[in-house]
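Structure first, then comments.
The values are calculated or read from the model by the stated rules, or taken from the named source; none is laboratory data. Please read these numbers as outputs of a predicted model, since none were measured by experiment. Glycine gets a Cβ as well: all are built from the backbone with ideal geometry, and neighbour counts include every protein chain shown. Side chains included, ligands, DNA and RNA excluded: accessible areas come from the protein's heavy atoms. Shrake-Rupley method; radii C 1.70, N 1.55, O 1.52, S 1.80 Å.
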Amino acid sequence: MSDESPADRFKSVLAGASRALAHEREIEVNWTADAPSAVGGNFRVPMPGRSLPRAAAMEARGFADSFALKTRHHNEALHNRHAPIEPLARACYDAVEAVRYEALGANAYAGVRDNLDAAMTVRMGADPITRATSVDEVPVQQALALLLRERLTGQPVPAAARVGVDMLRGWISDKAAADFDALAHSLDDQKAFQ
């Protein structure tokens, strides 16, 4: 008889799913009460609680799926080689790349899409875009990322961020609408996407 708890079994299954999605055998998943993070093949995701409520389990899966997609589809050396130096440009560049590799998973797997949405809901809870009341309070990189996510996956901007995104929607569309269309055609090629 096993002494393994439901949370331990969930963590084991989550690690297996992350390894499969990342195409990487050395992925480890651990629980954290801090911000989710990934260092190499060590993913730290939110502990869903002993009773494994569905929403909390999906959040943990969403963070693990994002980390696995990054492991599989993101080349850090290539990313850094072409990264802009100016801080806002770099923040936009980083945000757009995260949209790219998450869109690959969201478009390929409905379950991954749902999990990523659950993680997005958690991230939106702490994002300044949800509290923006004027254009100058909207983080451009987040508005850009959410609009690109909308274009690449067909998923609407989360309700909590809609007001903030809409403040910059026209300005971003004027500057980047044609680029969004081109990016959609190079989603699976990081270098071309850059």
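Just a few scattered comments:
- Beta bridges from DSSP with both residues in the range 28-125: antiparallel share about 40 percent, rounded to the nearest 5.
- With a cut-off of 12 Å between beta carbons, the residues surrounding C92 carry a summed charge of -2, where Lys and Arg count +1 and Asp and Glu -1.
- Normalised contact order of the chain, rounded percent, pairs of Cα under 8 Å and 6 or more residues apart: 17 percent
- Centroid-to-centroid separation of the range 137-189 and the range 7-74 [C-alpha atoms, Å]: 26 Å
- Apolar share of the accessible surface for the range 49-160: 56 percent from carbon plus sulfur atoms, 1.4 Å probe.
- The loop-placed GluC sites (Glu not before Pro) in the range 55-146, going by DSSP, include none that has at most 11 neighbouring Cβ atoms within 10 Å of its Cβ.
- The range 52-117: relative contact order in percent, alpha carbon pairs under 8 Å with at least 6 residues between: 52 percent
- Across the range 84-194, C-alpha contacts under 8 Å between residues 6 or more apart give a mean separation that, scaled by the residue count, equals a relative contact order of 28 percent.
- Three-way shape label, the range 85-162, alpha-carbon gyration tensor, a/c 1.5: oblate
- DSSP bridge orientation in the chain - percent antiparallel, rounded to nearest 5: 40 percent
- Cα-based shape type of the range 76-125, given that a ≥ b ≥ c are square roots of the gyration tensor eigenvalues and the cut on a/c is 1.5: oblate
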